[in-house]
Amino acid sequence: MDSADPQKNRFQRLSLARRLMIGAALWSLLLVVGGVFAMTAVYRAETQNLLDDEHAATLQTLSRAIRPLDDGTGRIEDLEERHPPDPRFTVPLSGKYWIMIAVDETGARMGDIRSRSIFDETVELPAASMREALDNPGQFINVNGLGPAGEPARYAIQSTTYPQRDNPVLLAAISDRTLTMAGVDRLRTILLVAMLALAGGTLAAMALALRYALRPLDRIQSDITEIREGRQAALSGDYPAEVMPLSEELNKLLEHNRAIVTRARTHVGNLAHALKTPLAVLRNEATGESQLDDVVRRQSESMRANVEHYLTRAQAAARAEALGVRTQVLEAADGIARVMNKLFAADGKSVTVDIPESLYVRTERQDLEEILGNLLDNACKWARTSVTISAQPEESGLVLINIDDDGPGLSPEQRQQAVKRGVRLDETAPGTGLGLSIVADISDMNGGSLSLEESPAGGLRASVKLRRA
């Protein structure tokens, strides 16, 4: 088997609510991560654009703050009154710097004029950016690098030419990016916390909404349980439009099931009549004393017993398939006990019933009476004076029914033989030997079982377990 199958089956068994919540959680996680990344990137780009715009204004101011000398040397004069007015350019290592660099025809650095904020530090412009600026006069070259104090910085470099000077002058504006990067980090943290809180709140609201939205399915499950246990016959109540078709189809299925069971019972009854009538005719005709009459009587009786057995099984099987059956144990037991007390009163035998009124089983009343009738009949035949029928619920969801007599009982070997079809431990007693076999079959068809053991009263205990309703 494919090793992925268990994982696939585990996912298929997930509830609808859990599947939706897992999907929503994954989508929320994707939105949080993607949203934080995207908004942080946009904020970083905007702050960088603001720095670049500020640098462009600084470089324009610097281009007007120098004037080449007319002495033929190509030297430049610094017009200090035209320097950028930002006071941070005068504070040492303030994070705002500018520098003007004179280069020769090879691009080598000849000298520079710098802002006071650079102090005694050395400023090395990125070589590749310097070459690009020299190749593209007047164009702003923006690049990240390290500032005078080794801090992360943003550079704007421009080369400017003058008629009185053969070689260009490089102008550079530099800003510390430490605060900008810290702002990006703070924004990322705030966005992450806010979006996680929003996603968590959304998931919580979705969980509550799902719980409310799926409540009709819980009602259907509860109603089906009530139907199975016999407390109601069909799904009832107002369901949402999306669930109503399901309710209607389930009711149709239940009705179809009842129709099938009814037809099965009818056919079984017809078959019983069709078979029993010819057998009765055969028995009635074989009234002579000849060997043939004796053979016909014995074989007819055997056929009648087998027909009775299998018809009883067929009827029980049909009833066991029905949904919504529910029978009170005490009511069925009381009726049969009264009959047995009348039948065996002359023998000095009595049947005592000790069953709570609250016990119900998921078995047709006719099946329960068939079970109790056979067991009480056997118990009364072999009891000395008394038979007791009791019942109690079990934690496994079953009802345990015990029938105890004070008769001679059976050995373990005899108990095993007694439940076999057609076995009669005492050939002198009336009967076909099918009673316990029928009880075992009906119990099994109704999800229960039959067992025989020694009774506390000294005789035999017959224990039947049936599903509790």
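The values are calculated or read from the model by the stated rules, or taken from the named source; none is laboratory data. Remember, it's a predicted structure, so these values are computed and weren't measured experimentally. FYI the Cβ positions are ideal-geometry reconstructions off the backbone, even for glycines, and counts take in every protein chain you see. To get the accessible areas, we keep the full protein, side chains included, count just its heavy atoms, and leave off ligands, DNA and RNA. Shrake-Rupley method; radii C 1.70, N 1.55, O 1.52, S 1.80 Å.
Looking at Ile174, Ile220 in this structure, which one is among the β-branched types (Val, Ile, Thr) and within 30 Å of Arg365 (Cα to Cα)? Just one listed residue meets the conditions, Ile220. Are any of the residues in region 150-162 over 60 Å from the mean Cα position of the chain (by Cα), in a strand (DSSP E or B) and basic (Lys, Arg)? No, region 150-162 contains no residue that is over 60 Å from the mean Cα position of the chain (by Cα), in a strand (DSSP E or B) and basic (Lys, Arg).
Is it true that some residue in region 423-443 is at pLDDT 90 or above, open to solvent by 20 Å² or more (accessible area, probe 1.4 Å), acidic (Asp, Glu) and within 41 Å of the chain's Cα centre (by Cα)? Give the steps one after another, and end with the answer.
Kept after step one, since they are at pLDDT 90 or above, are these residues of region 423-443: none.
No - not one qualifying residue is present in region 423-443.
When you scan region 154-166, how many residues do you find that are out of contact with any Phe, Trp or Tyr (no Cβ under 8 Å at 6 or more places or on another chain) and either modelled with pLDDT of 90 or more or open to solvent by less than 30 Å² (accessible area, probe 1.4 Å) (or both)?
Here the count works out to 5.
When the residues of region 167-189 are filtered to those that are out of contact with any helix residue (DSSP H, G or I) (no Cβ under 7 Å at 6 or more places or on another chain) and hydrophobic (A, V, I, L, M, F, W, C), the one that is surrounded by the fewest Cβ atoms within 10 Å (Cβ to Cβ) is Ala182.
When you check Ala264 against the structure, is it part of a helix (DSSP H, G or I), in contact (Cβ under 8 Å) with a residue 12 or more places away in the chain and not charged (D, E, K, R), yes or no? Give the steps one after another, and end with the answer.
Details: part of a helix (DSSP H, G or I): yes; in contact (Cβ under 8 Å) with a residue 12 or more places away in the chain: yes; not charged (D, E, K, R): yes.
Yes: the conditions hold for Ala264.
Between Val351, Val329, Val296, which is under 30 Å from Ile227 (Cβ atoms), of a type in the set (A, V, I, L, M), surrounded by 12 or more Cβ atoms within 10 Å (Cβ to Cβ) and at pLDDT 75 or above? Steps first, please.
Details: Val351 fails: under 30 Å from Ile227 (Cβ atoms); Val296 fails: under 30 Å from Ile227 (Cβ atoms).
Result of the check over Val351, Val329, Val296: Val329.
One residue stands out in region 453-466 among those that are farther than 16 Å from Val399 by Cα and in contact (Cβ under 8 Å) with a residue 40 or more places away in the chain: the one that is most open to solvent (accessible area, probe 1.4 Å), namely Glu454.
Among the residues of region 361-416, the ones that are of a type in the set (Lys, Arg), under 45 Å from the mean Cα position of the chain (by Cα) and part of a loop (DSSP other than H, G, I, E, B) come to 1 in all.
Go through Ala199, Ala128, Ala194 for me and flag whichever is surrounded by fewer than 18 Cβ atoms within 10 Å (Cβ to Cβ), in a helix (DSSP H, G or I), small (Gly, Ala, Ser) and within 44 Å of the chain's Cα centre (by Cα).
Details: Ala199 fails: surrounded by fewer than 18 Cβ atoms within 10 Å (Cβ to Cβ); Ala128 fails: within 44 Å of the chain's Cα centre (by Cα).
Testing whether each residue is surrounded by fewer than 18 Cβ atoms within 10 Å (Cβ to Cβ), in a helix (DSSP H, G or I), small (Gly, Ala, Ser) and within 44 Å of the chain's Cα centre (by Cα) leaves just Ala194.
Conditions tested, residue by residue: (1) of a type outside the set (Gly, Ala, Ser); (2) on the phi > 0 side of the Ramachandran plot; (3) at pLDDT 85 or above; (4) touching a strand residue (DSSP E or B) at 6+ places or on another chain (Cβ under 9 Å).
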site: Ala4; (1), (2), (3), (4): no, no, no, no
site: Gln7; (1), (2), (3), (4): yes, no, no, no
site: Arg18; (1), (2), (3), (4): yes, no, no, no
site: Met21; (1), (2), (3), (4): yes, no, yes, no
site: Leu30; (1), (2), (3), (4): yes, no, yes, no
site: Phe37; (1), (2), (3), (4): yes, no, yes, no
site: Thr40; (1), (2), (3), (4): yes, no, yes, no
site: Asp53; (1), (2), (3), (4): yes, no, yes, no
site: Pro68; (1), (2), (3), (4): yes, no, no, yes
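Scanning region 279-292 for residues that are in a helix (DSSP H, G or I), out of contact with any Ser or Thr (no Cβ under 7 Å at 6 or more places or on another chain) and surrounded by 11 or more Cβ atoms within 10 Å (Cβ to Cβ) turns up Ala280, Val281, Glu285.
Taking Thr189 as the residue in question, decide whether it is β-branched (Val, Ile, Thr), closer than 30 Å to Thr122 by Cβ and part of a helix (DSSP H, G or I). Show your work before the answer.
Values: β-branched (Val, Ile, Thr): yes; closer than 30 Å to Thr122 by Cβ: no; part of a helix (DSSP H, G or I): yes.
In short, no.
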